[in-house]
Amino acid sequence: MAMFPMPWRREGGIRAGGLTVTTISESDPVRTRSGLISGLGIPVLAFALSRLALLLIGLLARDLAFVPEDYVWIYDGRSWLDIWGVWDTGWFLSVMTNGYMSAVSTSPETLSQANWAFFPLYPMMAFAVAELAGLSGFVALLVVSNLCFLAALVWVRAETQALYGSAAANWAVVLLCAVPGSHVFSSAYSEATFLLFIVGTLAMARQGRWLIAGGLAALSVLTKNFGVLLLAPMAVYYAQRNFSGPLTLQSLISGFPGSGGRGEFARFAVSLMLPCLALGGFMLFLHFRAGDFLAFATIQSAWGRSMNLPIVALFTPLGPWLGFAGFSAYLWPSVIAGWVALGLCIALLFKRQWAHASFCIPGMFVLLSAGILSVFRLVLPLAPLAMVAASLMVARPKISWVLLALIVLAEALLMWGWALGWPIF
């Protein structure tokens, strides 16, 4: 079975009997140290510089354009912290402080809404941090988000290097820190947590560490419901590791349980059960709490979300010409993000990244079927999209730098709007 090298280790090849055997040497301390600096230093540096820049933009927006009477999300008296919380932050705090509601809200500002739409793991992690460190709930949410984002950057870089090379690995880190909406990873939202569990699941499944992959997939499900789609890439990785030749129904049946034997298949089967149990457990809880197994889905209508054909969401700007509801300029970031994400899904297919494509394509289908609102934020945790985008940036270096400049400007504008409470998110 092919082994994947660690991103900071030196590799060598030995020809033996027509086969190339990969060897790993740690005898070169300079090379090993350089790899460690790249593996950890680049994500840390990119994280620090990008967060500092976003902080300055947010504070500048508050200083020059803030209208207090139009802004209702005040979670901390210190502006440098308060700018990181808006909109859904209040719902996460409600789960932390009061648990899940037993009935929908009757408040005029949140009429018919409920915190059932928000899965429990992120606020639970923040609650634990608040209790252990003596922090406020809001600050604890920020701590969890930033720690998870930093850890995710390290993991994304390692996975991108294994699949696309070192140059792409660095680009992947830069893209995640600069992409429009990246500030959400450092805000009191669950995207950073979701990103970490997604890339962790994919990494462990690629290496055949099934029980860890299943556990991380379960954590992703408890962060956002469509984490259950990670079952698909786990199955693809299992097939790739255990079956040679073209994968057909006949070859799968005749080769069952695969080259890994029944022991590996048993671990794989358990790994698939874990995320299913996680989702089922939360659904059962909602049944007893709210009287609806699917309360997390049915409550979406309170935010104006309804199931539609995904292609309809992508063509939302044509609404006024087609006789539909008016199109708001605030939706443009999500429309653009939807089309870009769709293009990157196609790129995954061209690069034969079947496992990643099996997660991202259904993921985009689920997100777009609920409408275009907030899509630019919701696609951010789909780590394979950033990874394949980085591989494309490496192939066109001159264009990539121009594109990066545009990406940075777009993110600066969105951070400005985030600090002022624009209805984009």
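Values for this structure:
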read-out: For region 375-425: rounded, prolate or oblate by the Cα gyration tensor [a/c cutoff 1.5]; value: oblate
read-out: Net charge of Cβ neighbours under 14 Å - reference Glu109; Lys, Arg +1; Asp, Glu -1; value: -2
read-out: Cα shape, region 324-425, gyration tensor, a/c 1.5 rule; value: oblate
read-out: Sum of side-chain charges, Glu411 neighbourhood, beta-carbon under 13 Å (Lys, Arg +1; Asp, Glu -1); value: +2
read-out: Counted charge near Val44, where neighbours are those whose Cβ lies closer than 14 Å (Asp, Glu -1; Lys, Arg +1); value: +2
read-out: Cα shape, region 67-206, gyration tensor, a/c 1.5 rule; value: prolate
read-out: Simple label model, 7 Å out from Cα along Cβ direction - Ser136 to Leu309, nm; value: 4.8
read-out: Val340-Leu147 pseudo-label distance in nm [points 7 Å out on the Cα-to-Cβ vector]; value: 3.0
read-out: Amide proton proximity set for Asp88, modelled H, under 5 Å, gap of 5+; value: none
read-out: Rounded FRET efficiency, nearest 0.05, which uses the C-beta distance separating His287 from Thr110 and R0 of 25 Å; value: 0.65
read-out: Normalised contact order of region 189-244, rounded percent, pairs of Cα under 8 Å and 6 or more residues apart; value: 36
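The numbers here are math on the coordinates, done by the rules we state, and not lab data. Computed from a predicted model, the values in this text were never measured in an experiment. All Cβ positions, glycine included, derive from the backbone under ideal geometry; neighbour counts span all protein chains shown.
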